[in-house]
Amino acid sequence: MNLSNGEHSNMQLQISLWRLIITELKAIISDKAIAVTLFGGVLFYSVLYPLPYLNQVPTEQQLIVVDLDHSSLSRQLIRNADASAKIQVIGQVGSITEAKRFIEIGKAHGLLVIPEGFRRDLLLGKGVTLSYGGDASYFLIYSAIAEGLVSAGMDAGKQVQLIGMLAQGENPKQAQESLNSLHLNSVPAFNPSLGYTPYVVPGLFLLILHQTLLIGTGILGAGQWRHKGYWQQVSPVQLVCGRTLAFMLIYIFFTSFYVGYCYHWYNVSIQASLGLVALWLLPFLLATAAAGVAMSTLFTRRDLPTQVLLLISMPILFVSGFVWPIALIPAPLVLGSQFIPAVPAIMGMLELNQMGASWASVMPKWLQLWGLFAVFFGLSILGIKRRAKILLAEANDKRRV
Amino acid sequence: MTEHTTDAQTVDTLSEPRAIDVSFMALIVALVRRELRALWHDPWQLALISYIPLLGMLCLWWLFSAGLPRQLPVAIVDQDHSQLSRMLTRQLKANSVTAPQSFTDLSSAVSAMQQAKVYAIVVFPYDMKKDLLTGHKPTIDVRYNSQFLLVGKLLSSQIQLSLGEGLQQVASLKQLATGTPKSQVAVDLNPVKSQTTALFNRNNNYIGFLVPPVLVALWQLLSMLAMANSLNRELHLAPVMQADGISDRLTTHFWPKVLAKMTLFTPILLLQGGFIIAGLYLYLALPMAGSLVVLLFAQLAMLLAIWILVLLIFVLMRDSARVISFCTALFAPAFAFMGITFPTHEMPQLAQWWRLIMPSSHYIESHVSVVSYGASWPYVASQMSSYWGFICLFPVIYLLARKLLPMTVNLNAVSIDAAMPAKGQ
């Protein structure tokens, strides 16, 4: 970063944008902290973050059964539950307290209680109630158990109904029809497998790109402002252009790796064309790089940008609206988050690429990203001017002393 | 302490044997004072232990403050315009989770869903009522947005529940018309009723489910940063003797200095952890089966594990930017590995191993068992035995510190970076 004097005098003369970009690239690569964050971080996170979710859907959740009936029908119900892909019956106990103890020590995650007289009441034509319980400390486990048990219970109920109707002398076909008079065809859209990686990866990976880019520009700037260097030799506009373009050159590769290869590898559903995705990501990367340069002028300690960005990454993830619906996030938070490039970028990317929205409908967010780019570009020029002034004043002070 | 008045260089070489004279407690007290001074002069460290945690925790809680997903927009495309379709729409309106919005045609509903303006579409087909009355089997199409997994799953079950309830009314009318006695109708339609109970989190509240692990993850990051910054500071001090007789040389009194940092930061961060627990379980009054004191005890164990990890990274890296980068890389994904959003036993083996490196995943298990199951001291203590790996790290760190730290000191002596600013903005 600290160029020798000879090179300094050369650069007094207007240096071309290309040379500036190359200087920037050299500064980025020769700085170990930046190189580790950019190259190491992007690669490491592409493996580590989705790692827990690789199995996609929770299956075979352990269920403990309290069978107080001990009849043929209750045993059939248990077999039905066990046959469900979401549930694995691990055993039977005599009482609910005992079953609860199984849940508390983590051996089971749900319980099914079959009441006494289950079969007899059904045959007598009385209604019976099955109780299910799932550990709602873990929502995904709870929903898997509830889904599995409800469908098993409904199946048992239908069978009893059918037997009852047939016994009353209805013809089998009509009996079937009056039981299912109307068909509910409920199908997931956009993420047909209900998998966890197609849900988490598209948004999360854009956030990783956003954060590492901000950290990279942040460390680079924070390390420079207090020392003389090439950054003073060019005009602030040139510097911002050069730095943004240098990071863009690197991030074109990272983004292609994430959005191209990683999306494919993690089974993310893709709806938009390559051209549209590229067009979408262009202002995102530009705005993020400009925001990084603008933010870097606030720091002079190289270890601070990483810390600040680390602390705000979880809030950004949750406010971006794919984990927790935007409709439920308080309006001031949503409004405030619109200045973070990742927030409109993630939502727009999901709409465009995962949910197949038309370009016209994501256009406002695209323009918003360009607007953010313009704002941060201006702010970074102001910030750099301020830094140059401060450095000059400090140098003058020293000279006077 | 008054003996150390000679030139800094000579005292520095002598200070180690003389330190034995000074009583250990006095040394620690002096070192804690030194840490306090350093803390007071570092605005970022002060921010890390004061307003940043407060702001972060309030923001994250505010974000999820809705608690229960309610009034999620659902598009209704009614092509039937019958009394039945209107009745089913009212059913959906009566459900607190769904907020039906009418769309005249399917294409506008689809584009609204693609823009995440509605989270599901329900289509009542043309002639639905007529088909139902004439014994055909009409189909109601439901599409829910599973790109937003949490919302999609919830809506799918709630829409089915609401519509199923409405359709039962239709079926019961049909039965009554054929002369079934009223008492029999309900049993005929639904012989097996089910009662589903969400154990330990009765109303499926997201604040009780998601906010504690999120805050614990944030708290872990804060603890890590506070300790890493405090250790990093030692790297940038010129190796001179201070007025109170404590050397700023990295290797001098290294372990007492670490101990002083721990005695200072452990109570401060425990206070933050206690604030999280008190805010969630006393102020917001989330259900809590066990005792808060046990949780504090578990938090203390987690803090000690964090200190050990940070110390290991510090001894290995010995460069402030790299220490921060590596700690960040290690701790940032901790939330995903806690096993709250995605169950632990469904993770691949590699993830389950990686999970053990994170102190937060050890803590969260104690947290859930205390909060949900009301676990008591002995059980939580037995859970804490899972930290054994961290204790094994201790001798490793000690050996590494003896070997590696002197190298850094010698390097620094050659090119001491006096320009390192103590102040950041």
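Can you tell me the accessible area per residue over the range A:61-179, all protein chains present, probe 1.4 angstrom, in square angstrom?
Result: 46 Å² of accessible area for each residue.
In the Gaussian network model of chain B, springs joining C-alpha atoms below 10 Å, which of B:Pro213, B:Pro125, B:Pro267 carries the largest mean-square fluctuation?
Greatest mean-square fluctuation among the candidates belongs to B:Pro125.
First select every other residue whose beta carbon is under 15 angstrom from the beta carbon of B:Ala375; then total the charges, Lys and Arg +1, Asp and Glu -1. If you can, show how the numbers build up before the last one.
Numbers: positive: A:Lys100, A:Arg101, A:Lys107; negative: A:Glu104, A:Asp135, B:Glu365.
Charge balance in the 15 Å sphere: 0.
What FRET efficiency comes out for the pair A:Phe253/B:Leu356, r = Cβ-Cβ distance, R0 = 30 Å, nearest 0.05?
0.35
Determine the total buried accessible area between chain A and chain B, counting protein heavy atoms only with a 1.4 Å probe; round to the nearest 100 Å².
In total, chains A and B hide about 9900 Å² from solvent.
Which whole-Hz ³J(HN,Hα) couplings does the range B:119-132 yield from phi under the Karplus relation 6.51 cos²θ - 1.76 cosθ + 1.60, θ = phi - 60°, glycine and proline marked x?
Running phi through 6.51 cos²θ - 1.76 cosθ + 1.60 with θ = phi - 60° gives 9, 7, 10, 10, 10, 8, x, 4, 6, 4, 5, 4, 4, 5 Hz.
Lysine pairs in the range A:61-179 with alpha-carbon atoms under 21 Å apart, 8 or more places apart or on different chains: how many are there? Display every interim value, and only then the final one.
Details: A:Lys86/A:Lys100; A:Lys86/A:Lys107; A:Lys86/A:Lys158; A:Lys126/A:Lys158; A:Lys158/A:Lys173.
Qualifying lysine pairs in the range A:61-179: 5.
For A:Phe339 and A:Ile29, calculate 0.36 nm times their separation in residues minus their Cα-Cα distance, and state this gained length in nm to one decimal.
Taking A:Phe339 through A:Ile29 to full extension adds about 108.7 nm, to one decimal.
Amide H to amide H, which residues 5 or more places from B:Thr196 or on other chains are under 5 Å from it, using H placed in the peptide plane?
Answer set, sorted by chain and number: A:Tyr132.
Once you've got the Cα coordinates, tell me which of B:Lys137/B:Lys193; A:Lys26/B:Lys261; A:Lys365/A:Lys385; A:Lys32/A:Lys398 are over 27 Å apart. Could you put the intermediate results ahead of the total?
Values: B:Lys137/B:Lys193 24 Å; A:Lys26/B:Lys261 38 Å; A:Lys365/A:Lys385 30 Å; A:Lys32/A:Lys398 31 Å.
Check vs 27 Å cut-off fails for A:Lys26/B:Lys261; A:Lys365/A:Lys385; A:Lys32/A:Lys398.
Evaluate the distance, in nm, between pseudo-label points positioned 7 Å from the Cα of B:Gln184 and of A:Lys389 along their respective Cα→Cβ axes.
9.1
At what distance in nm do the modelled label points of B:Ser23 and B:Phe275 sit from each other, each positioned 7 Å from its Cα along Cα→Cβ?
3.5
Where both residues lie in the range A:61-179, what percent of DSSP beta bridges are antiparallel, nearest 5?
In the range A:61-179, approximately 25 percent of DSSP beta bridges are antiparallel ones.
Given chain B, what percent of its DSSP beta bridges are antiparallel, to the nearest 5? Could you put the intermediate results ahead of the total?
Working: 5 of 15 bridges.
In chain B, approximately 35 percent of DSSP beta bridges are antiparallel ones.
For the pair B:Leu46 and B:Lys403, how long in nm is the line joining their label points, each one 7 Å along Cα→Cβ?
A separation of 4.1 nm, rounded to one decimal place.
Report, in debye and to the nearest 20, how large the dipole of the range A:61-179 comes out about its Cα centre when Lys and Arg carry +1 and Asp and Glu carry -1 on their Cβ.
The calculation lands at about 120 debye.
Could you tell me which of B:Tyr126, A:Thr300, A:Gln354 has its Cα farthest along the dipole of the protein assembly as shown towards the positive end, charges placed at Cβ (Lys, Arg +1; Asp, Glu -1), taken about the Cα centre?
A:Thr300
Rank these by accessible area, largest first, 1.4 Å probe: A:Thr197, B:Thr263.
I get B:Thr263, A:Thr197, largest accessible area first.
Just need the relative contact order of chain B here, percent rounded to a whole number, with Cα pairs under 8 Å and 6+ apart.
Numbers: 464 pairs, mean separation 79.5, N = 425.
Value for chain B: 19 percent.
Which trypsin sites (Lys or Arg not before Pro) in the range A:78-125 pass both tests, a DSSP loop state and at most 15 other beta-carbon atoms within 10 Å?
Those satisfying the criteria are A:Lys107.
Let me make sure I get this right: for the range A:61-179, a, b and c are the square roots of the gyration tensor eigenvalues over alpha carbons, sorted descending. Under 1.5 in a/c it's rounded, otherwise prolate if a/b > b/c, else oblate. Which is it?
prolate
Residue by residue, what Karplus-based ³J(HN,Hα) values in Hz, rounded to whole numbers, does the range B:104-109 have, using 6.51, -1.76 and 1.60 with θ = phi - 60° and x for Gly and Pro?
Each residue of the range B:104-109 in turn: 7, 9, 5, 5, 5, 5 Hz.
If you count the DSSP beta bridges with both ends in the range B:72-189, what percent of them are antiparallel, to the nearest 5?
Numbers: 4 of 14 bridges.
So the antiparallel bridges in the range B:72-189 amount to around 30 percent.
Taking chain A as the region of interest, what is the percent of Cα-Cα pairs per 10 angstrom bin, listed from the shortest bin to the one with the maximum distance?
Calculated over all Cα pairs of chain A, the distribution is 4, 18, 21, 17, 13, 11, 8, 5, 3, 1, 0 percent.
Roughly speaking, to the nearest percent, how much of the protein assembly as shown's 1.4 Å accessible area is carbon and sulfur?
64
Given charges of +1 on the Cβ of Lys and Arg and -1 on the Cβ of Asp and Glu, with all other atoms neutral, how large is the dipole of the protein assembly as shown about its Cα centre, in debye to the nearest 20?
Roughly 1200 debye for the protein assembly as shown.
On a straight-distance basis, which lysines could pair with B:Lys257 in a cross-link, Cα separation under 22 angstrom, same-chain partners fewer than 8 positions away excluded?
B:Lys403, B:Lys423
Just check the range B:110-195 against the gyration tensor rule for me: Cα atoms, a ≥ b ≥ c as the square roots of the eigenvalues, rounded for a/c under 1.5, and otherwise prolate or oblate depending on whether a/b exceeds b/c.
Judged from the Cα gyration tensor, the range B:110-195 comes out oblate (a/c at least 1.5, b/c at or above a/b).
Let me check something: with ligands and nucleic acids excluded, how do A:Lys126, A:Lys389 order by accessible area (1.4 Å probe), largest to smallest?
Numbers: A:Lys126 105, A:Lys389 150 Å².
Final ranking, largest accessible area leading: A:Lys389, A:Lys126.
Classify the protein assembly as shown: rounded, prolate or oblate, from the alpha-carbon gyration tensor (a ≥ b ≥ c, eigenvalue square roots; a/c under 1.5 rounded; otherwise prolate if a/b is larger than b/c)?
Here the protein assembly as shown falls in the oblate category.
The values are calculated or read from the model by the stated rules, or taken from the named source; none is laboratory data. Computed from a prediction, not measured in an experiment: that's the story for all the values here. Please note: Cβ atoms are built from the backbone with ideal geometry, for glycine as well, and neighbour counts cover all protein chains shown. For the accessible areas, the whole protein counts, side chains as well, though only heavy atoms, and no ligand, DNA or RNA atoms are used. Shrake-Rupley method; radii C 1.70, N 1.55, O 1.52, S 1.80 Å.
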